[in-house]
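Each remark here refers to the structure printed beneath this line.
Quick note: the coordinates plus some simple rules give every number you see, no bench work behind them. As the structure is a computational prediction, the values presented were derived from the model and not from experiment. Glycine gets a Cβ as well: all are built from the backbone with ideal geometry, and neighbour counts include every protein chain shown.
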Amino acid sequence: MKIIRRKDELRALTRAWHRAGETIGVVPTMGALHAGHLSLVEAARAGTDRVIVTLFVNPRQFNSPADLARYPRTEDSDAEKLAPYGVEVLYVPDPDQVYPEGFATTVSVTGVSEGLCGAARPGHFDGVATVVTKLLLQTDADRAYFGEKDYQQLQVVRRLVADLDLKTDIVPCPTIRETDGLAMSSRNQRLDDRGRTMAPEILRVLESAAGAIAQGADPAQVLDVARDDLARAGFDAVDYLDLRGDPDLAPLTCYDRPARLFVAAALDGVRLIDNLPVPPRRG
Ligand code: PAF
């Protein structure tokens, strides 16, 4: 696996691959790789001829300098984790390759980026949309792989690709969970032992609420109960617990269409997110 830091060097390689008729699969990451990321790499390996993993801790998607400073930077161990997966390139762009002097463009997606994490983290999805656009263009990606754990991000990326006529196919991949059900996330490392024991409750609460709504219970009441359940399970703050239409993420007024239940809640200051589909009600 080659580590490349400059876009011109990457471009020379991607041009040669495309000239040879090969397809390029890209897995964008901010590093701190875990089994969730590696499942995206496996999907890319199975679906394309050449695989590029990008590693760039994107300052523009963090809401606070403290959160950015705390984000793990683990390039060496990330490269080691990728070694068995047949990745051709780990693209770790130098900051000026992504945001050159005078950079003044923002990709801003409306609609799907509003509410949920978009409301809780102002500017976050502008940062994501801008960097993902750049990374898809720099890598000349034919396919790019995104996890459903960040479901709102996935919809933001799909929207920008459609709206900007990018050629990349966006491939959604299922959330990978620990054996106790906790969705894998780089943030899980920041939980202490007590937090780690309590964290899987977030999935139990989601499952029970999604099941009750699918069976016809009143969503507003179910969500109230679920918020209380999260507080009882030890979560200190619930950013949101919300039912949205799928895939447009619009607030729901009737429940006869596919929906998804979203949660963001903090445990000892560590913000966890998760989501589950809610099938449409019958009849
Ligand atoms: O999901 C992530 O790790 C990041 O938001 C992404 C897509 C790599 C953009 O920085």
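Modelled spin labels at residue 83 and residue 190, positioned 7 Å past Cα toward Cβ, are 3.0 nm from each other.
Rounded to the nearest Å, what's the spacing between the alpha carbon centres of segment 1-60 and segment 188-218? Just the number, please. When both Cα centres are located, 33 Å separates them.
Annotation for segment 1-105: GluC sites (Glu not before Pro) lying in DSSP loop with at most 14 further Cβ atoms inside 10 Å of their Cβ are 22, 101.
Between rounded, prolate and oblate, where does segment 163-205 land on the alpha carbon gyration tensor, with a ≥ b ≥ c its root eigenvalues, rounded for a/c under 1.5, else prolate if a/b exceeds b/c? Verdict is prolate for segment 163-205.
In a reduced charge model with +1 at each Lys and Arg Cβ and -1 at each Asp and Glu Cβ, segment 1-51 shows a dipole moment near 260 debye about its Cα centre.
In summary, the lysines within cross-link reach of residue 2, defined as a Cα separation below 26 angstrom excluding same-chain residues under 8 places away, comprise 81, 134, 167. For segment 136-283, taking Cα atoms only, Rg and Dmax work out to 16.6, 48 Å respectively. Global dimensions of segment 19-106 from alpha-carbon coordinates: Rg and Dmax equal 14.5, 45 Å.
Around the Cα centre of segment 90-167, unit charges on the Cβ atoms of Lys, Arg, Asp and Glu (plus for the first two, minus for the last two) sum to a dipole of about 260 debye. Comparing the chain with the 2.2 N^0.38 Å rule of thumb, its C-alpha radius of gyration ratio is 1.03 (two decimals). Across q = 0.18, 0.21, 0.23, 0.28 Å⁻¹, segment 132-210 modelled as identical point scatterers on its alpha-carbon atoms has Debye log10 I(q)/I(0) values of -0.81, -0.93, -1.02, -1.32, in the order of the q list. Comparing 65, 95, 258 in a Gaussian network model of the chain, where Cα atoms under 10 Å apart are tied by springs, the biggest mean-square fluctuation is seen for 65.
Working from label points 7 Å from Cα in the Cα-to-Cβ sense, the residue 64 to residue 165 distance is 4.3 nm. Rank 270, 51, 132 by mean-square fluctuation in a GNM of the chain with C-alpha springs under 10 angstrom and give only the top-ranked residue. Per the Cα network of the chain with a 10 Å cutoff, 270 tops the list. Using the Cβ-Cβ distance between residue 19 and residue 110 with R0 = 22 Å, the FRET efficiency computed as 1/(1 + (r/R0)^6) comes to roughly 0.05. Extension gain, residue 236 to residue 197, is 12.6 nm, computed as 0.36 nm per intervening residue step minus the present C-alpha separation. Take the alpha carbon gyration tensor of segment 84-158, find the square roots of its eigenvalues, order them as a ≥ b ≥ c, and report rounded if a/c is under 1.5; if not, report prolate when a/b exceeds b/c, else oblate. Oblate shape, in that a/c is at least 1.5 and b/c is the bigger or equal ratio.
Convex hull volume per residue, computed on the Cα atoms of segment 1-49, equals 85 Å³. Just to confirm a number: summing +1 for Lys and Arg and -1 for Asp and Glu over residues other than residue 36 whose beta-carbon lies under 14 angstrom from that of residue 36, what do you get? Local charge sum for residue 36: -2.
The chymotrypsin sites (Phe, Trp or Tyr not before Pro) of segment 35-103 meeting both criteria, a DSSP state outside H, G, I, E and B (loop) and at most 14 other C-beta atoms within 10 angstrom of the site's C-beta, are 103. Taking the charge dipole of the chain about its Cα centre, with +1 at Lys and Arg Cβ atoms and -1 at Asp and Glu Cβ atoms, the residue from 99, 243, 210 reaching farthest to the positive side is 99.
Building the convex hull from the alpha-carbon atoms of segment 185-239 and averaging its projection over directions returns 4.1 nm². Taking the DSSP beta bridges with both ends in the chain, the antiparallel portion is around 50 percent. Under a model in which nothing but the beta-carbon of Lys, Arg (+1) and Asp, Glu (-1) is charged, the chain shows a dipole of about 400 debye around its Cα centre.
Largest GNM mean-square fluctuation across 253, 29, 133, computed for the chain with C-alpha springs under 10 Å, falls on 253.
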